[in-house]
1. Among Leu31, Ile146, Gln130, whose Cα lies farthest out toward the positive end of the dipole of the chain, if unit charges sit on the beta carbon of Lys, Arg (+1) and Asp, Glu (-1)?
2. Enter the Cα centre distance for the pair the range 82-102 and the range 35-67, rounded to the nearest angstrom.
3. Per-residue ellipticity at 222 nm for the chain, helices alone: DSSP H runs ≥ 4 residues times -39500 (n - 2.57), over residue total, nearest 500 deg cm²/dmol?
4. Give the Rg/Rh ratio for the range 1-60, taking Rg as the radius of gyration of the Cα atoms and Rh as the Kirkwood radius, to two decimals.
5. Pairwise over distinct Cα atoms, reciprocal of the mean inverse distance: report the Kirkwood radius of the chain in Å, one decimal place.
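Readers should treat all values here as calculations from the given coordinates under stated rules, not as data from a laboratory. Remember, it's a predicted structure, so these values are computed and weren't measured experimentally. Neighbour counts run over all protein chains shown; Cβ positions are idealised from the backbone, glycine included.
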Amino acid sequence: MFDFGISGYRPVWLDGRVAVTAAHGQRLAMLEGRRLTRALLMWDLDEDEWFSDGLILLDFEGEQVEIVHHKLDEISITRNTVDPAQPLDWAGQGFRLAWREDVPGELAALRGQRLRGVELFEWTGEDMAQGTVALGFVFLNGRVAIYNALDENGIQFGLPDHQYTRHISGS
């Protein structure tokens with residue numbers, strides 16, 4: 001199993017909103033009220049840009065949520081399994097990767113805010129992405145959604161695209 005450059009990491013792949021809700025809905029809802037204390041993206045040091053194939057880590061006062069999308073329809077959400085102090089090695093491919101927490105600015109601006117809600121979004125568009133799941137985090141002064149950008153992660157700030165159907169994480 002590919003470890004996404006993180007020694008010992010084991011993604012748990014799910015497909016579809018029902019599966020994600022059953023596996024994670026209650027635990028995600030329990031994050032409400034906690035502050036976002038850290039958000040880390042995998043960063044390509046040579047290109048000086050976000051490495052969107054890698055995990056996104058969101059820490060809510062010690063509860064770290066690890067999110068990654070894969071293929072056209074899979075998402076893995078794990079908790080407290082990744083140590084960002086450990087080096088990254090993308091299968092010996094020569095990528096120089098590191099965790100970075102000050103980018104993008106919209107995500108960094110959410111740090112310190114209390115989480116008001118967690119949402120699951122399901123893509124309803126009539127295309128190959130139909131049924132993919134995005135994970136949304138709502139704060140007093142902003143929101144972020146992490147979605148499947150067709151075999152990599154995408155990040156969207158503000159309201160999601162109108163082709164997403166919104167679901168509360170625990171339902």
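1. Leu31
2. Centre-to-centre (Cα) distance: 10 Å.
3. Only helices count here, giving -2500 deg cm²/dmol.
4. Details: Rg = 14.3 Å, Rh = 13.9 Å.
When Rh is taken as the Kirkwood radius, the ratio is 1.03.
5. Values: mean 1/r = 0.0621 Å⁻¹.
Across the chain, the inverse of the average 1/r is 16.1 Å.
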